[in-house]
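Asks: First, the structure itself, so that you have it in front of you.
The values are calculated or read from the model by the stated rules, or taken from the named source; none is laboratory data. Because the structure is predicted, anything quoted here is derived from the model rather than measured. Methodologically, a virtual Cβ is constructed for each residue, glycine included, from the backbone with ideal geometry; neighbour enumeration extends over all protein chains shown.
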Amino acid sequence: MPKTQNRAVMNWIFAFASVAAFLVVFGGFVRLTRSGLSIVEWNPVMGAAPPLSQQAWQAEFAKYQQSPEYQKINFDMTLDQYKEIYLIEWLHRFIARIAGLIFAIPFFVFFVKKIIPWNEIGLYIVMGFLFLAQAIMGWIMVASGLVDRPSVSHYLLTAHLFLALTLIGLSLWTAFGHLYGFPAKKAKWSAASKVTLLGLVILLIQIAYGGFTAGLKAGFISDTWPLMFGQLIPKGLLSEVRPAILNLIETPTTVVFIHRWFAFIGLAAAAWIYRLIRKRNFPRDAMNGINAVLILVITQITLGILVILNHVQIALALLHQANALVLFSATIYTLHRLRAADHASAT
């Protein structure tokens, strides 16, 4: 980790993390509007501008007409309808380009001016590579839906999401270091820090199942809660594919069932962390962090139920996704403040 604190660097990292988080939510909008497969080529430079003539639009539409999505789902789509989904995906890619500039330009300036010392450059280079990696993974994901099926791989979609989460989490941790200070020495992990790390792992598992649910379009399977198909535990959860364990990650009914109920394990973990922090009398900022986490977990579960009952209404689904990112950020913050307390008690 860096050792040199700087408010300008902190503001830059917070801004970059915010744009990255916005891109994740906007990516959800792209998916829910079925716009993600509308641009069938990846041109990082030439694709910066949308088609500017009727002839160019016709050429893009002709390419899309060769895709499985057009041939199997949107075979009656008009050019004007195609323009709508194309521009949504183009805007998504354009914002990603802006995010790249938001990272690259300040980084270059800070490095040239030695605001970021040479011996601390490694972490920022990792952030840059993570950004490139998730962009490349995004195209690999899109390409998976251009071969023989009108949908992307739910594994690749989740990998794309997790690269973005890794980038956001690392950025936030670094920005909090610039805000509060970087630890000089190692310190043992308190019980509260360990359980909070466990809570973060539980949250990431739940988010992974959210990615699987989105990729498999499993959220549309049932619009009732707590029952699915009139049952609390639907039949055949482990018998759709073989071996049975693959049902946990490939069968839409099983995936969405796990996503529905694993959230309550996250709630139990948050309550456990709250009890530990309150019992051990940790600093106020750690208490504020876990208070936010508890509220956000309850909000997330409530939004999830509303998404089910309203058959994945777009605005609710995007709120659900955005709240998950805020919850992830609040968990990172809480863990950071607990580790700061661990370091303080070790000195």
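Asks: Checking the structure you have, find out if any residue of the range 317-328 is in contact with a Pro (Cβ under 6 Å, 6 or more places away or on another chain) and in a helix (DSSP H, G or I).
Replies: No: the range 317-328 contains no residue that is in contact with a Pro (Cβ under 6 Å, 6 or more places away or on another chain) and in a helix (DSSP H, G or I).
This table checks each residue for (1) buried (at least 18 other Cβ atoms within 10 Å of the Cβ); (2) more than 17 Å from Thr196 (Cα to Cα); (3) under 18 Å from the mean Cα position of the chain (by Cα).
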| position | (1), (2), (3) |
| --- | --- |
| Leu276 | yes, no, no |
| Pro283 | no, no, no |
| His311 | no, yes, no |
| His320 | yes, yes, yes |
| Val326 | no, no, yes |
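Asks: Here's something else I'd like to know. Any residue in the range 139-156 that is crowded, with 16+ Cβ neighbours inside 10 Å, under 18 Å from Gln5 (Cα atoms) and either aromatic (Phe, Trp, Tyr) or modelled with pLDDT of 95 or more (or both)?
Replies: no
Asks: Anything in the range 94-114 that is under 26 Å from Thr4 (Cβ atoms) and loosely packed, with under 15 Cβ neighbours inside 10 Å? List them, or say none.
Replies: Leu101, Ala104, Ile105, Phe108, Val109, Val112, Lys113, Lys114
Asks: Could you check, for the range 279-287, whether at least one of its residues is among the acidic types (Asp, Glu), out of contact with any Asp or Glu (no Cβ under 7 Å at 6 or more places or on another chain) and part of a loop (DSSP other than H, G, I, E, B)?
Replies: At the first step, the residues of the range 279-287 found to be among the acidic types (Asp, Glu) are 285.
Restricting the remaining residues to those that are out of contact with any Asp or Glu (no Cβ under 7 Å at 6 or more places or on another chain) gives 285.
Filter once more, keeping what is part of a loop (DSSP other than H, G, I, E, B): none.
Scanning the range 279-287 turns up no residue that is among the acidic types (Asp, Glu), out of contact with any Asp or Glu (no Cβ under 7 Å at 6 or more places or on another chain) and part of a loop (DSSP other than H, G, I, E, B).
Asks: Taking the range 11-37 only, how many residues are not small (Gly, Ala, Ser) and not in a helix (DSSP H, G or I)?
Replies: Result for the range 11-37: 3.
Asks: Looking at Tyr124, Tyr82 in this structure, which one is hydroxyl-bearing (Ser, Thr, Tyr) and within 29 Å of His178 (Cβ to Cβ)?
Replies: Residue meeting the stated conditions: Tyr124.
Asks: Follow-up question, since we're still on this one. Given the range 41-124, what helices (runs of 4 or more DSSP H) lie entirely inside it while holding 2 or more residues that are under 30 Å from Ala15 (Cβ atoms) and assigned by TED's automatic domain parsing to the domain that holds Met10?
Replies: Ranges flagged: 79-112.
Asks: Checking the structure you have, find out if any residue of the range 309-328 is in contact with a strand residue (DSSP E or B) (Cβ under 9 Å, 6 or more places away or on another chain) and within 18 Å of Thr224 (Cβ to Cβ).
Replies: no
Asks: Of all residues in the range 288-310, count the ones that are in a loop (DSSP other than H, G, I, E, B) and closer than 15 Å to Gly210 by Cα.
Replies: Total satisfying the criteria: 0.
Asks: State whether one or more residues within the range 228-251 are surrounded by fewer than 17 Cβ atoms within 10 Å (Cβ to Cβ), more than 25 Å from the chain's Cα centre (by Cα) and assigned to a helix (DSSP H, G or I).
Replies: Yes, the range 228-251 has at least one match.
Asks: Related question: List every residue pair whose Cβ atoms lie under 8 Å apart, where the two residues are 6 or more positions apart in sequence or sit on different chains, the first residue falls within the range 207-226 and is buried (at least 19 other Cβ atoms within 10 Å of the Cβ), and the second residue, located anywhere, is of a type in the set (Lys, Arg).
Replies: Ala214/Arg31
Asks: Please indicate, with yes or no, whether at least one residue in the range 168-176 is modelled with pLDDT of 95 or more, at negative phi and out of contact with any helix residue (DSSP H, G or I) (no Cβ under 9 Å at 6 or more places or on another chain).
Replies: Quick first cut of the range 168-176, residues modelled with pLDDT of 95 or more only: 168-176.
Narrowing further to those that are at negative phi: 168-176.
Those still in the list that are out of contact with any helix residue (DSSP H, G or I) (no Cβ under 9 Å at 6 or more places or on another chain) too: none.
No, every residue in the range 168-176 fails to be modelled with pLDDT of 95 or more, at negative phi and out of contact with any helix residue (DSSP H, G or I) (no Cβ under 9 Å at 6 or more places or on another chain).
Asks: Out of Leu146, Leu156, Leu161, Leu232, which single residue is of a type outside the set (Lys, Arg), over 30 Å from Ile115 (Cβ atoms) and in the same structural domain as Gln313 (by TED's automatic domain parsing)?
Replies: Among Leu146, Leu156, Leu161, Leu232, only Leu232 is of a type outside the set (Lys, Arg), over 30 Å from Ile115 (Cβ atoms) and in the same structural domain as Gln313 (by TED's automatic domain parsing).
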